[in-house]
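Note sheet for the following structure.
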Amino acid sequence: MTSLQPDSLLPTLTQRRAHSGRFAIRVDSAHEYSMKYSVRLGQVFPLRVRKLHISAWAWVPRFEDDAALITAVSAPNEPDRTVLYRAYPLADAGPYEKWKPLDFYIDMPFEAGYNSQLTLYMWRRQAQQPVYLDDLRITEIR
């Protein structure tokens, strides 16, 4: 049996600091973007999505480490055309050097449909020290 070494396979998936479980994702001065979560809306939501609740836990060392959680939605059947793009700052408020909960709501654009791609990832922006994200949850609001 071989053991998975996530840092050698996916540099932004780490065991160094996790809120729950064993893994978290990170960005730092060597990693501009984290691994991403991407799914076709119709795969996870059977009806047209109007609103989503995004929650997660973030660990930010200090105010200057200004990373962001990016949420993007493509046009149906046009993965290169974005109909929604949001950058949610992770360092705009404390606490720092502790896990803090994040909660965001997204009103889906009318153009988003069954074949639209939902993508979430972290962007380093100005962060020089590692910033971590864990326990990402996406919930439809009806």
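Just so it is clear, none of the values below were taken in a lab; they were calculated from the coordinates. Model, not experiment: these values are computed from the prediction. Using ideal geometry, Cβ is built from the backbone for each residue, glycine included, and neighbour counts are taken over all protein chains shown.
Between residue 129 and residue 114, the contour length at 0.36 nm per residue exceeds the Cα-Cα span by 1.6 nm.
Net charge of the neighbourhood of residue 76, taken over other residues with C-beta under 12 Å away and scored Lys/Arg +1, Asp/Glu -1, is +1. The charge dipole of the chain, taken about its Cα centre with unit charges on the Cβ atoms of Lys, Arg (+1), Asp and Glu (-1) only, comes to about 340 debye.
In what sequence do 108, 35, 122 fall when counting other Cβ within 10 Å, fewest first?
Numbers: 108 21, 35 15, 122 28.
Ranking 108, 35, 122 by Cβ neighbours within 10 Å, fewest first, gives 35, 108, 122.
Under the combined filter of DSSP loop state and at most 14 neighbouring Cβ atoms within 10 Å, segment 45-90 retains these chymotrypsin sites (Phe, Trp or Tyr not before Pro): 63.
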